[in-house]
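The values are calculated or read from the model by the stated rules, or taken from the named source; none is laboratory data. Here the structure is a predicted model, which is why all the values come from computation and not from measurement. Here the Cβ is made from the backbone with ideal geometry for all residues, glycine too, and neighbour counts use every protein chain on show. Please note that ligands, DNA and RNA were not included when accessible areas were found on the heavy atoms of the full protein model with its side chains. Shrake-Rupley method; radii C 1.70, N 1.55, O 1.52, S 1.80 Å.
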Amino acid sequence: DAMVIQNPRYQVTQFGKPVTLSCSQTLNHNVMYWYQQKSSQAPKLLFHYYDKDFNNEADTPDNFQSRRPNTSFCFLDIRSPGLGDAAMYLCATSRDIPNQRFFGPGTRLTVL
Amino acid sequence: GEDVEQSLFLSVREGDSSVINCTYTDSSSTYLYWYKQEPGAGLQLLTYIFSNMDMKQDQRLTVLLNKKDKHLSLRIADTQTGDSAIYFCAEILTGGGNKLTFGTGTQLKVEL
């Protein structure tokens, strides 16, 4: 089945220690998104890749970076995680932007 | 504006119908979505409606759209315990770079 896969499902890191979250997709969608969802809140878009073009949201902290080495993979890098970065991180894909997003299961990040 | 609001909590008895409501402020939305999120999981797309439609039915789910009042609702018939989750409405705004904007989420609790 075509799908969006996120690894790992649970990630624990230490305060200030860089961490990378992974997303892959078999849908061959050209757009990939990263959302941050804190407890009891709606998902918040961090950035997205339209093909190879990176689009950052204005309020996304510089601490958050992303890489998309090919169509199938997209990574979220947190350079120096703070306690406030503990959240669920959701990856999503779509074929072009107006169309529906397909979400992965998420990675729950804990910062100690 | 991009505010999308939902009531925070809804409790129903198993077998009853659930109605989850959503109001939005931006009339330039094209697609409106309902997502379901179970504890610790990603977002599952339940259904969607195009902005030129008034109603869409899909098995136990009925979506009603009142564009005049900017009101969207999701009715779940014969609600089951497996329907307990958080439900997010979301809209894509043509005037906002086709950004997907989520509502605040409604926690549905189904009691026996």
So A:THR20 fits all but one of (1) within 10 Å of the chain's Cα centre (by Cα); (2) β-branched (Val, Ile, Thr); (3) at pLDDT below 95; what number is the exception? (3)
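In the stretch B:11-45, which residue that is polar (S, T, N, Q) and open to solvent by 30 Å² or more (accessible area, probe 1.4 Å) is farthest from the other protein chains (Cβ to nearest Cβ)?
Checking each candidate, the answer is B:SER17.
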For the stretch B:46-95, how many residues are within 14 Å of another protein chain (Cβ to nearest Cβ), aliphatic (A, V, I, L, M) and exposed (fewer than 13 other Cβ atoms within 10 Å of the Cβ)? 0
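Here is a list: A:ARG95, A:ARG68, A:ARG79. Which entry is closer than 19 Å to B:TRP34 by Cα and basic (Lys, Arg)? Spell out the reasoning first.
Values: A:ARG68 fails: closer than 19 Å to B:TRP34 by Cα; A:ARG79 fails: closer than 19 Å to B:TRP34 by Cα.
When all the criteria are applied, what remains is A:ARG95.
For a quick check of your reading: which strands (runs of 3 or more DSSP E) sit entirely within the stretch A:14-112 and have at least 2 residues that are within 14 Å of chain B (Cβ to nearest Cβ) and without any contact (Cβ under 8 Å) to a residue 40 or more places away in the chain? Lay out the reasoning, then the answer.
On the way: elements: A:19-25, A:31-37, A:44-50, A:53-56, A:64-67, A:73-78, A:87-94, A:107-111.
Fully inside the stretch A:14-112 and qualifying: A:44-50, A:53-56.
So that you can scan it fast, the table gives a plain yes or no per residue for (1) open to solvent by less than 60 Å² (accessible area, probe 1.4 Å); (2) under 22 Å from B:LYS99 (Cβ atoms); (3) modelled with pLDDT of 95 or more:
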| site | (1), (2), (3) |
| --- | --- |
| A:ASP1 | no, no, no |
| A:ARG9 | no, no, no |
| A:ALA42 | yes, yes, no |
| A:TYR50 | no, yes, no |
| A:ALA58 | no, yes, no |
| A:SER66 | yes, yes, yes |
| A:PHE73 | no, no, yes |
| A:LEU76 | yes, yes, yes |
| A:ARG95 | no, yes, no |
Return the pair list, or none, for Cβ contacts closer than 9 Å from residues in the stretch B:100-112 that are at the interface with another protein chain (Cβ under 9 Å from one of its Cβ atoms) to residues that are assigned to a loop (DSSP other than H, G, I, E, B) and modelled with pLDDT of 95 or more, at least 6 apart or on different chains. B:GLN107/B:SER84
